[in-house]
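**Q** The structure under discussion is supplied below as structure tokens; questions concerning it will follow.
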Number of protein chains: 2
Amino acid sequence: MNVTGHTRRPASIRDVATAAGVSYQTVSRVINGHPSVRPSTRERVLAAIDELGFRRNATALALASGRSRAVTVLTANTTHYGYASILQGIEEAARAASYAVGIGVLESAEDAAVAAEVQRAADAGGGIIVIAYDPAGVRALGAVPAGLPVVGVVETPATPPGGDRPWVWADDREAAYQATRHLLSLGHATVHYVAIPSSTRRTSARTGGWRQALKEAGAPEPRPVQSSWGPAGGHAAGLKLAKDQSVTAILCGNDDLALGVLRALHESGRSVPGEVSVAGFDDAPHSAFLTPSLTTVRLDFTGLGRSAFALLHGVLEESAPVAPHPVSVPELVVRESSGPPPAGA
Amino acid sequence: MNVTGHTRRPASIRDVATAAGVSYQTVSRVINGHPSVRPSTRERVLAAIDELGFRRNATALALASGRSRAVTVLTANTTHYGYASILQGIEEAARAASYAVGIGVLESAEDAAVAAEVQRAADAGGGIIVIAYDPAGVRALGAVPAGLPVVGVVETPATPPGGDRPWVWADDREAAYQATRHLLSLGHATVHYVAIPSSTRRTSARTGGWRQALKEAGAPEPRPVQSSWGPAGGHAAGLKLAKDQSVTAILCGNDDLALGVLRALHESGRSVPGEVSVAGFDDAPHSAFLTPSLTTVRLDFTGLGRSAFALLHGVLEESAPVAPHPVSVPELVVRESSGPPPAGA
DNA sequence: CGCATGAATGTGACCGGTCACACAAGGCGC
DNA sequence: GCGCCTTGTGTGACCGGTCACATTCATGCG
């Protein structure tokens, strides 16, 4: 090991070559595991590498070979539970594969801003993963120039794509369906829905699953309440719904929204689950500890992130066969916030 | 603009040079804003750049010049509110300065694993920001080889460092002090503390602020309850404290912990704030919407992240003067979860 | 025994930029 | 009219790897 205190320029393969008495190309062969290197030579080179503390320069590798072992994740948000968990999953998988992970935040959904951010991601080299749950993400996915390796993390598509499309998704349509059926099965006449901002299409996957469950049960379909991502949005929506005495069950587009709704119901003097049942979406870490604890549907966001990376990895390197990603089954988690409707209803 | 559909190799400065009828060096001068280029020449080059859709190759730039306009953030976690917010702040500032942001997660605090992750960050080139609120982070900060540009985001240091040290921190010591004084001022005999895992030192900054407030008030100092980061840890700690009828005020190391404590008190039949007051730390987005809403101390994590980047930016480029980062003042947010102790106590 | 074959290694060019320096043309002072 | 400085531009080497090809030497086979 290099123990000299000087912060000298790090050793290059030519330094190693000189130290080992071979050509730089032989060093290159050794670090790349090329078979036709005499064992004794390999030994000497490895010794020199160790002695000089050589590390292969990632920048030079990227420039010379074109491959860069890097992913850039484009996302509108890094703090919300779902987004953060997907990012975590990507990072895990990327680290395991020795890939570097970069992030770019889509602060605005405006076309020019999105395009600029996509450009930056493209400049970084390597692959791109776009989290396309919102308008900014959807636009970014669309703005990625053809030919670049990219994978989208999207809502459940209306019709499953050809199987080889570079997209992954959690089955949030099914999740919404399950949650709605759960509430209906408790005896509620219908279920109201507080929606997260849709990705761009008229009907988001979550809304679709909710609607389907209502339709199958012959329940009336109330207008969904459009909201934002955070608890404040849920709070506002909750205050509105609380005024309507006929509302006995509310499904929320995510757990943060549900939190706001719970608070609004509390402030309006309506008890949960006595008078109104509430269900969330995502099973965020805090949901089990709320009072009342929140009935919700768990989605495996971390696994989704891992799948996204695996798919991209397959696109970037021929090796790993691009198995169509396993859509994990959402899991209904029944807690205190849902129960039968009040007797009078 | 290049409108041909072919995914051809992107244009290099030599392509632009040929198109504009100049040498590649002149193109280099134009894209770097070098003054001595005849306006008419500059014009022609810019036209060629536009026509070919030329973008400067970041990898080649990094290799040739040594500067890489990139930051890698090393952190033990990306999903907890504080960490995620710091990351968000860093990203914002980095984006504004046209820097790429990479992340590396310290999954284990084990020395070898930490060292490997630090190596990866170093390999990426550019600067490093280490979030050192926990043992893994602290070790990573220590493992960064001398000579590399690095900034640490740390707990309030016991004695403010020389002013030019590449560290930033929020005043969490003061924040804990304020929260504790608030609870004492309501009439509580003392305040119990549920601690997040300390960074490594015996006494964390938060613990120190709490202790100081107790000491100044002449209040007895109960043993802090060591816990984890998430609500589950707070729940366990809360169940223990709930059994002790003398406990009337609890300060928690963060809002997630406080959430778990609230739940534990609820399950134990102890009312908040009637019998027990609870205060959190960080003012996470959901804290205002809990029932009861959570008294907490707000820390500007996003601003902290921005400061960290600004400091690193100053280290990497001589330009921006390295103003010592402004330690923002924590803000006590009094909500429903704190009140006077029960009459009998 | 001569030659094709393959293993082990070396040489030069290249990736796309930057840097140091050379060089031509024009303006100015003397 | 000469030298000198400044402005504008071009040439070659270099950053640290990879790639394509050349070279050397030992081996197998007709």
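**Q** Give me a count of the residues in the range A:82-99 that are surrounded by 23 or more Cβ atoms within 10 Å (Cβ to Cβ) and out of contact with any helix residue (DSSP H, G or I) (no Cβ under 7 Å at 6 or more places or on another chain).
**A** Count: 2.
**Q** State all residues of the range B:123-148 that are part of a helix (DSSP H, G or I) and either more than 8 Å from chain A (Cβ to nearest Cβ) or on the phi > 0 side of the Ramachandran plot (or both); if no residue qualifies, say none.
**A** B:Pro135, B:Ala136, B:Gly137, B:Val138, B:Arg139, B:Ala140, B:Leu141, B:Gly142, B:Ala143
**Q** While we're on this one: So if I check each of B:Val153, B:Val168, which one is in contact with a His (Cβ under 7 Å, 6 or more places away or on another chain), outside any helix (DSSP H, G or I) and more than 14 Å from chain A (Cβ to nearest Cβ)?
**A** When all the criteria are applied, what remains is B:Val168.
**Q** If you don't mind, there's one more thing I want to ask. Taking A:Glu331, is it in contact with a Lys or Arg (Cβ under 7 Å, 6 or more places away or on another chain), modelled with pLDDT of 95 or more and surrounded by fewer than 18 Cβ atoms within 10 Å (Cβ to Cβ)?
**A** In short, yes.
**Q** Sticking with this one: Out of the residues in the range A:28-52 that are surrounded by 13 or more Cβ atoms within 10 Å (Cβ to Cβ) and small (Gly, Ala, Ser), state the one that is nearest to the chain's Cα centre (by Cα).
**A** A:Ser28
**Q** Taking the range A:244-278 as the search range and keeping residues that are over 31 Å from the mean Cα position of the chain (by Cα) and small (Gly, Ala, Ser), which one is surrounded by the fewest Cβ atoms within 10 Å (Cβ to Cβ)?
**A** Filtering the range A:244-278 for residues that are over 31 Å from the mean Cα position of the chain (by Cα) and small (Gly, Ala, Ser), the one surrounded by the fewest Cβ atoms within 10 Å (Cβ to Cβ) comes out as A:Gly269.
**Q** Also, quick follow-up: Being closer than 23 Å to A:Ala122 by Cα and of a type in the set (Ser, Thr, Tyr) is the filter here, so list the residues in the range B:11-63 that pass it.
**A** B:Ser12, B:Ser28, B:Thr59, listed by residue number.
**Q** May I pose another question? Quick check on the range A:212-228. Is at least one of its residues in contact (Cβ under 8 Å) with a residue 24 or more places away in the chain and within 14 Å of another protein chain (Cβ to nearest Cβ)?
**A** Taking every residue of the range A:212-228 in turn, at least one turns out to be in contact (Cβ under 8 Å) with a residue 24 or more places away in the chain and within 14 Å of another protein chain (Cβ to nearest Cβ).
**Q** Among the candidates B:Thr159, B:Thr190, B:Thr203, which residue alone is among the polar types (S, T, N, Q), out of contact with any strand residue (DSSP E or B) (no Cβ under 6 Å at 6 or more places or on another chain) and modelled with pLDDT of 95 or more?
**A** B:Thr190
**Q** Given the residues A:Leu259, A:Leu241, A:Leu251, which is the only one that is without any contact (Cβ under 8 Å) to a residue 40 or more places away in the chain, of a type outside the set (Val, Ile, Thr) and either outside the structural domain of A:His80 (by TED's automatic domain parsing) or under 15 Å from A:Ala179 (Cβ atoms) (or both)?
**A** Result of the check over A:Leu259, A:Leu241, A:Leu251: A:Leu259.
**Q** Same structure, new question: Among all residue pairs at least 6 apart or on different chains, which show Cβ distances below 8 Å where the first residue, located in the range B:21-43, is within 14 Å of another protein chain (Cβ to nearest Cβ) and the second is in a helix (DSSP H, G or I) and more than 7 Å from DNA strand D (Cβ to nearest atom)?
**A** So the pair list comes out as B:Ile31/B:Ile13; B:Ile31/B:Ile49.
**Q** Can you tell me which condition A:Ala70 does not meet? The list is (1) within 12 Å of DNA strand D (Cβ to nearest atom); (2) hydrophobic (A, V, I, L, M, F, W, C); (3) facing chain B (nearest Cβ under 10 Å), and all the others hold.
**A** Every listed condition holds for A:Ala70 apart from (1).
**Q** It is to be established whether one or more residues within the range A:104-125 are touching a Pro at 6+ places or on another chain (Cβ under 7 Å), surrounded by fewer than 24 Cβ atoms within 10 Å (Cβ to Cβ) and not polar (S, T, N, Q).
**A** yes
**Q** Could you check the range A:164-193 and list, in sequence order, the residues that are more than 24 Å from the chain's Cα centre (by Cα) and among the basic types (Lys, Arg)?
**A** Correct list: A:Arg181 only.
**Q** If we scan the range A:8-18, do we find a residue that is buried (at least 19 other Cβ atoms within 10 Å of the Cβ), more than 10 Å from chain B (Cβ to nearest Cβ) and either more than 16 Å from DNA strand C (Cβ to nearest atom) or among the charged types (D, E, K, R) (or both)?
**A** yes
**Q** Here is a further query. What residue, of A:Ser293, A:Ser287, is over 15 Å from A:Ala93 (Cα atoms), within 14 Å of chain B (Cβ to nearest Cβ) and surrounded by fewer than 24 Cβ atoms within 10 Å (Cβ to Cβ)?
**A** Testing whether each residue is over 15 Å from A:Ala93 (Cα atoms), within 14 Å of chain B (Cβ to nearest Cβ) and surrounded by fewer than 24 Cβ atoms within 10 Å (Cβ to Cβ) leaves just A:Ser293.
**Q** With respect to B:Leu186, determine if the residue is within 15 Å of B:Leu262 (Cα to Cα) and in contact (Cβ under 8 Å) with a residue 40 or more places away in the chain.
**A** Judged against the criteria, B:Leu186 is not a match.
**Q** For A:Thr79, all conditions in the list (1) at pLDDT 95 or above; (2) surrounded by 13 or more Cβ atoms within 10 Å (Cβ to Cβ); (3) more than 16 Å from DNA strand C (Cβ to nearest atom) hold save one; what is the number of the exception?
**A** Failing condition for A:Thr79: (1).
**Q** Cβ contacts < 6 Å: first residue at positive phi, restricted to the range A:56-79; second residue of a type outside the set (D, E, K, R), any location; separation 6+ or different chain. Result?
**A** That search, which allows pairs on different chains as well, returns A:Arg69/A:Tyr99.
The values are calculated or read from the model by the stated rules, or taken from the named source; none is laboratory data. Note that this is a predicted model, so its numbers are computed, not measured. Because the Cβ atoms are built from the backbone with ideal geometry, glycine has one as well, and the counts that use them run over all protein chains shown.
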